[in-house]
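Here the structure comes first, spelled out in structure tokens, and everything after it is commentary.
The values are calculated or read from the model by the stated rules, or taken from the named source; none is laboratory data. The shown structure was predicted, so the numbers you read here are calculated from the model rather than taken from an experiment. All Cβ positions, glycine included, derive from the backbone under ideal geometry; neighbour counts span all protein chains shown. In case anyone asks, the SASA skips ligands and DNA or RNA and just uses the protein heavy atoms, side chains included. Shrake-Rupley method; radii C 1.70, N 1.55, O 1.52, S 1.80 Å.
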Amino acid sequence: MRLIFYFSFVFLLQNISFAQNNAKIEALLAKMTLDEKIGQLNQVPGDISTGTDVKVDNILVQIREGKIGSLLSHTNFDNKIIMQQVAVKETRLGIPLIFGFDVIHGYKTIFPIPLAQAASWNLKLIENIEQVSAMEAAADGQNWTFSPMVDVTRDPRWGRAMEGAGEDPYLGSLIAAARVRGTQGRSLSDPTTLAACVKHYAGYGFIEAGRDYNTVDMSEQRLREIVLPPFKAAAKADAATFMNAFNTLNGTPASMNKHLITDILRGEWNWKGMIVSDWNSFGETIVHGAAADDEDASAKCLNAGSDMDMAGGTFQRGLKKALENGKVTQAQIDEAVRRVLRLKFELGLFDDPYKYLNKERHKTNIEKKEYRTLARTAVAESMVLLKNNNDVLPIKPTTTKKKILIVGPYADSRGNKDYMSFWTLGLGMRDYDSTKVVTPAQGLKPALEAMGYEVKVAQLGKNGTYDVFAQKDAYEASAGVDLIIACVGEQGMNCGESRSVADIHLPGNQEEMLKTLKTRNVPVVMVLFNSRPLVFNWASENIDAIVVAWQPGFETGNGLADLLTGKTNFTGRLPITFPRNLGQVPLYYNHLSTGRPQTKFGTLWTSGYLDSETTPAYPFGFGLSYSPVDYSEIRAERSTIGNDETFVANITVTNNGKMAVDEIVQCYIRDLSADIARPVKELKSFLRVHLEPGDSKPLQFNISPEDRSYWNQDLKFKCDPGQMTLFIGSSSEKVKKMEFNVVK
Ligand code: GLC
């Protein structure tokens, strides 16, 4: 009863403050000139450029003239105080600035990349990471983060796959909402939280050829089923802002796409927040050829429902003319300004413009020790064990002084942003202290020496490339050792925006290094530092153990040591498919059957290749651990349900290993009789279950009518009677299955 009272009281308070803010917004709006209004819609970059060079003359002059409402990518705390003072004390109406920043996988404490975090399938962990990252960024004067990136993608060529949650809309939706919750907390006015910004709306992950900023074209059905669910989940989680995507969607640039913004986001979903462009994406509608000039671009973007112009100055140059020429109305401009002002009110910036510029929190809330503890946990939960022949791992203690070699370009690298990504702007672009990263060697060496090993480290080559001498070094370094840990992968600065690749093989000639090491005929463990699925078929065939480490951030070496020594068990599962070769791409688990599915390589007249399997190297949801877990057959009390009923299935999982494990039990369905073709599998639920050695636990999965619903031929979201299959297992391929029937 008390809880109901509490929440109703909070709801009442929120409504009162919403009404009070509205009154203040209207009063302020009534005083503003047209220039001041257009100034509020203008966001200007700071000391870091994350896009095409857009020159900005003296920022303080423009703030004083009321031409700037927001700044982004400012890393200097004291400068932000000065800029806020100018805005508040030296402009006619004293409207405070809002500071935006890309807090993608940490701010000053760097966590694993978002794609790695998705591999943990741990929503609470992800929420906690966002909460800590927001706390650090808010302590440094930021109010607003351009996160979460929720773009579903199936394309490993795309450098930005690392920023999202992989290929599945269901997992992506849960993670999107968790990120918004962690970032915004209970109230935007809490100075230890940030306003979230859901991006990139929409379809960016489906760029043709995996090439950044490229064209996107897809059916409305695929848009609704695959692309939009994470955006909708974030909107329902009350994300304060959205960001336009760079790409065209079915011919119309996203920034001026009325269907996306007005029809769906603001119409169907009734989302009331503020939309910021991506970097100069308003201006780029001209380059797309969909707008004639700044005036036309301004009109089309504002008419579509976009509000703020990031880094482009398009509104500054063209919006007033668009109004004068009747292409937009004053009411439309006022509505966009209202959304900006409401965000600033909700952040509390009008009550106290310096609340996020607090010197005490700036001292105490950045790089706290407990943040690293969380980062170390995140590293261990995100890495994925792909192969472990003859139980090479975990490494057991030795009493005979055996030798271990840690070798490769990422054994002990200090390369720029190695073990991280381009999206660590809170550290600056280059001048950060790379010693803050615990490298694999720094984490593994002491841990293995404590287990009785003699450990050698050979940091070979640079940035994943070798000359012939490095191969010689690899051979010499590996003489007389009993186990080799080869650290390979991608440079940190090759991960992120504008980092698409046309070849997803392990870069440089790292595979040659692995072959050289393998000639030593001792077990080799490959640790892969990657931001996307890569191809490494020779290693899959010949290397004894393979760990996908992703780009793990500051606690790389410690989290890796915890896993390789067995202090922690693997739980990670792939959130994105790893193909055998690029020719298979796009390759994803929730594909349609086709009328001629290939079940055996080489079968003619089926959907396959002459020169490649159609199956992936490693499927969505895949990951091993040190504990073999047995799955019973699925049980169900009823195998027939009504169309408005929930199907209930049970299964028992048993840990037959010697180590405790957190098993991620996945539940998929297939609709065999819809009115359109449906995917061969769709993830609809998963449970994380802790199993001590010998534990057996019964689990229940419920498939509701909502779970069974899909966008049908008439683009209605509905479920219908027919034959269904339920799958429960440890990956999208290793499953138990059961048929069930749905009747009218
Ligand atoms: C970049 C990115 C976007 C980012 C913005 C500000 O171009 O596309 O994700 O938030 O500009 O850095």
Projected label distance in nm at Arg688 and His259, using a 7 Å step from Cα toward the beta-carbon = 3.8
Given 10 Å bins starting at zero, what is the percent of C-alpha pairs of segment 16-174 in each, up to the one with the largest pair distance?
-> 10, 30, 29, 22, 9, 0
What list of whole percents do you get for P(r) of the chain, with Cα-Cα distances grouped in 10 Å bins up to the one holding the largest distance?
-> 3, 14, 23, 25, 19, 11, 4, 1, 0
How long is the gain from Ala292 to Glu370 if the chain were fully straight, where each residue apart is worth 0.36 nm and the alpha carbon distance is subtracted?
-> 22.8 nm
Solvent-accessible surface ranking, highest first, for Lys344, Lys684, Lys31 at 1.4 angstrom = Lys31, Lys684, Lys344
Could you sort out which of Lys567/Lys734; Lys320/Lys355; Lys401/Lys567; Lys124/Lys436 sit more than 31 Å apart by Cα distance in this structure?
-> Lys320/Lys355
Size-normalised alpha-carbon gyration radius of segment 282-336, reference 2.2 N^0.38 Å = 0.98
Ellipsoid equivalent to segment 578-629 - semi-axes via the Cα gyration tensor, in Å = 24, 12, 11
Thr329 versus Glu360, label points 7 Å from Cα toward the beta carbon: distance in nm?
-> 4.9
Gyration tensor verdict on segment 544-672 (Cα atoms; rounded if a/c is under 1.5, prolate if a/b is larger than b/c, oblate otherwise) = oblate
If you stretched the chain out fully between Asn537 and Thr646, how much longer would it get, using 0.36 nm times the residue separation minus the C-alpha to C-alpha distance?
-> 35.0 nm
To the nearest 0.05, the calculated FRET efficiency linking Glu637 and Ser607 through their beta-carbon distance, R0 being 41 Å, is 0.60
Taking θ as phi - 60°, what are the ³J(HN,Hα) couplings along segment 507-516 by the Karplus curve (6.51, -1.76, 1.60), each to the nearest whole Hz, with x for Gly and Pro?
-> x, x, 10, 5, 5, 4, 4, 4, 5, 4
How high is the relative contact order of segment 629-743, in percent, counting Cα pairs under 8 Å that sit 6 or more residues apart?
-> 33
Over all distinct Cα pairs, what is the inverse of the mean 1/r for segment 661-714, reported as the Kirkwood hydrodynamic radius in Å?
-> 13.3
Fraction of alpha-carbon pairs in segment 245-286 farther than 15 Å apart, rounded to whole percent, equals 41
Sorted by chain and number, the residues with a modelled amide H under 5 Å from that of Ala240, at a separation of 5 or more or across chains, are Ala196
What ³J(HN,Hα) values, in whole Hz, does the Karplus curve 6.51 cos²θ - 1.76 cosθ + 1.60 give for segment 557-568 when θ = phi - 60°, with x put for Gly and Pro?
-> x, 6, x, 5, 5, 4, 6, 5, 8, x, 5, 10
Estimated distance in nm for a label pair at Asp675 and Ser189, the labels positioned 7 Å out from Cα along Cα-to-Cβ | 4.9
Return the tail of the calculated pair distribution for segment 354-499, meaning the percent of Cα-Cα pairs more than 19 Å apart.
-> 64
Roughly how big is the chain's charge dipole about its Cα centre, with Cβ charges of +1 (Lys, Arg) and -1 (Asp, Glu), in debye to the nearest 20?
-> 980
Taking H placed 1.01 Å from N in the peptide plane, check which residues at least 5 places from Asn42 or on another chain put their amide H under 5 Å from its amide H.
-> Gly69, Ser70, Asp309
Taking a temperature of 20 °C and a viscosity of 1.002 mPa s, what whole-number D in µm²/s does Stokes-Einstein yield for segment 36-364 with Rh from Kirkwood over alpha carbon pairs?
-> 110
Rounded to the nearest 10 Å², the accessible area of Trp711 at probe 1.4 Å = 50
How large is the accessible surface per residue of segment 319-441, computed with a 1.4 Å probe and reported in Å² as a whole number?
-> 42
How high is the FRET efficiency between Asn15 and Asp352 when r is their beta carbon distance and R₀ equals 25 Å, given to the nearest 0.05?
-> 0.65
Magnitude of the Cβ-charge dipole (Lys and Arg +1, Asp and Glu -1) of segment 629-743 about the Cα centre, nearest 20 debye, reported as 180
Relative contact order for the chain: what is it in percent, counting Cα pairs under 8 Å that are at least 6 residues apart?
-> 13
Would you work out which of Leu699, Ala297, Gly273 lies farthest towards the positive end of the dipole of the chain, given +1 charges on the beta-carbon of Lys and Arg and -1 on that of Asp and Glu, about the Cα centre?
-> Leu699
So what is the orientation-averaged projected area of segment 248-405, using the convex hull of its C-alpha atoms, in nm²?
-> 18.1
For the chain, which whole percent of the accessible surface, found with a 1.4 angstrom probe, sits on carbon and sulfur atoms?
-> 52
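When the expected Rg is taken as 2.2 N^0.38 Å, what fraction or multiple of it is the alpha-carbon Rg of segment 493-570?
Relative to the rule-of-thumb radius for its length, segment 493-570 sits at 1.20.
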Going by the alpha-carbon gyration tensor, a ≥ b ≥ c the square roots of its eigenvalues, is segment 629-743 rounded (a/c under 1.5) or, if a/c is not under 1.5, prolate (a/b greater than b/c) versus oblate?
-> prolate
Among rounded, prolate and oblate, which fits segment 175-277 when a ≥ b ≥ c are the square roots of the eigenvalues of its C-alpha gyration tensor, a/c under 1.5 means rounded, and a/b larger than b/c means prolate?
-> prolate
Taking the DSSP beta bridges in the chain as the whole, what percent of them are antiparallel, to the nearest 5?
-> 50
Quote the charge dipole size of segment 530-679 about the Cα centre in Debye, to the nearest 20; the model charges only the Cβ of Lys and Arg (+1) and of Asp and Glu (-1).
-> 260
When all protein chains stay in place, what accessible area (Å², nearest 10, 1.4 Å probe) is found for Ser413?
-> 10
Checking rank on 729-735, 655-661, with mean other Cβ inside 10 Å and highest first, the result is 729-735, 655-661
When the solvent-accessible surface of protein heavy atoms is calculated with a 1.4 angstrom probe, in what order do Arg430, Arg376, Arg157 fall, highest first?
-> Arg430, Arg376, Arg157
